[in-house]
Amino acid sequence: MFDQLNCPYTIFVAPRIAGGTCEIWWRILELLINAGPRFKARIGTEDFDLPTRNDPEKAMAWAILSPKVEELDQHEQRRVIRSLANERGIDVDGYCRSVAMDWDELREINTDPLCTLAAHSVNHFSVGKMSATDAAFELSQSRAIIARELGEATRFNAYPYGDEPNATLRDFNLAQDAGYEASLTTRKGVVFPGHASHLQALPRIMVSGRFQELRYIDALISGLPTALANRFSKVNVG
Ligand SMILES: [Zn+2]
């Protein structure tokens, strides 16, 4: 599709996902909710016992559980997800390998002149919720591993989840230190000349279920919805 339209595209790579060993927690949680008629588990300090027999019950379980998993300490989050998956016979690494592009596939797509590969932390962690040491590791090591695997330096970064508190001013500075030319948040907006002095905090329009219909994309790119959201303040950083 990108070829037909001659449209450049960027793929953001989290090395541990490409390596096939990442607990892609939001997808594994979905599998866990689908695994039986009830979801029983301890997450953080809370015990849950939720019915998951049909779609409305599953949707309700997801609405309750996903914020709980998301807010856990990032390392703890992965330990919890991996152990719940192990108990229920879900192969976390096998699942990761089945849904994610591996390094060979990334090296191949990187030969496409329209393709840019960029960094997305090592573990798909929320860097803003981590210590400065851990955040610096995620931002610099993702760049180093991608350079080693592809044989070329990556110039760009996108913060996983991408909004406050997942990417903060501290992390914009760490991304600068890690050597990126520019980084993307998920703050809604289109890029204006004023962003030139905020290159580690560029806005990004996330195309997800909320805007799934393609006919909305033109409107999004025009900048009008985000201008409304930002009250026409063009550079929403700080
Ligand atoms: Zn992501």
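The values are calculated or read from the model by the stated rules, or taken from the named source; none is laboratory data. Please read all numbers here as calculations on a predicted model, not as lab measurements. Note that each Cβ is placed from the backbone with ideal geometry, even for glycine, and that neighbours are counted across all protein chains shown. For the accessible areas, the whole protein counts, side chains as well, though only heavy atoms, and no ligand, DNA or RNA atoms are used. Shrake-Rupley method; radii C 1.70, N 1.55, O 1.52, S 1.80 Å.
Which one of the conditions (1) open to solvent by 30 Å² or more (accessible area, probe 1.4 Å); (2) part of a loop (DSSP other than H, G, I, E, B); (3) at pLDDT 90 or above does V237 fail to meet, given that it meets all the rest?
(3)
Filter the range 38-61 for residues that are touching an Asp or Glu at 6+ places or on another chain (Cβ under 9 Å) and either assigned to a loop (DSSP other than H, G, I, E, B) or open to solvent by less than 90 Å² (accessible area, probe 1.4 Å) (or both) and give the result. Outline the logic, then answer.
Residues of the range 38-61 touching an Asp or Glu at 6+ places or on another chain (Cβ under 9 Å): 38-41, 44, 50-51, 58.
Within the range 38-61, F39, A41, G44, L50, P51, K58 meet the criteria.
Can you go through T133, T116, T111 and tell me which one is among the β-branched types (V, I, T), under 30 Å from Q4 (Cα atoms) and free of Cβ contacts under 8 Å to residues at least 60 places away in the same chain?
Answer to the check: T111.
Return yes or no: is R82 within 16 Å of the ligand (Cβ to nearest atom), assigned to a helix (DSSP H, G or I) and among the basic types (K, R)?
So R82 does not fit the description; no.
Yes/no per residue for (1) of a type in the set (V, I, T); (2) over 20 Å from the mean Cα position of the chain (by Cα):
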position	(1), (2)
D3	no, yes
Y9	no, no
T21	yes, no
F39	no, yes
P51	no, yes
K68	no, no
A85	no, yes
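Just the residues that are among the hydroxyl-bearing types (S, T, Y) and surrounded by 14 or more Cβ atoms within 10 Å (Cβ to Cβ), please, taken from the range 95-105.
Hit for the range 95-105 is Y95, nothing else.
Out of the residues in the range 1-37 that are within 16 Å of the ligand (Cβ to nearest atom) and open to solvent by 60 Å² or more (accessible area, probe 1.4 Å), state the one that is farthest from V92 (Cα to Cα).
The selected residue is T10.
For D171, which of the numbered conditions (1) within 16 Å of the ligand (Cβ to nearest atom); (2) open to solvent by less than 90 Å² (accessible area, probe 1.4 Å); (3) at pLDDT below 95 fails to hold?
For D171, the failing item is (3).
Name the single residue that is nearest to the ligand (Cβ to nearest atom) among those in the range 151-168 being open to solvent by less than 30 Å² (accessible area, probe 1.4 Å) and more than 18 Å from D73 (Cα to Cα).
If we take residues in the range 151-168 being open to solvent by less than 30 Å² (accessible area, probe 1.4 Å) and more than 18 Å from D73 (Cα to Cα), then A158 is nearest to the ligand (Cβ to nearest atom).
Would you mind finding the one in V80, V92 that is without any contact (Cβ under 8 Å) to a residue 40 or more places away in the chain, within 21 Å of the chain's Cα centre (by Cα) and open to solvent by less than 70 Å² (accessible area, probe 1.4 Å)?
Working: V92 fails: without any contact (Cβ under 8 Å) to a residue 40 or more places away in the chain.
Unique residue meeting the criteria: V80.
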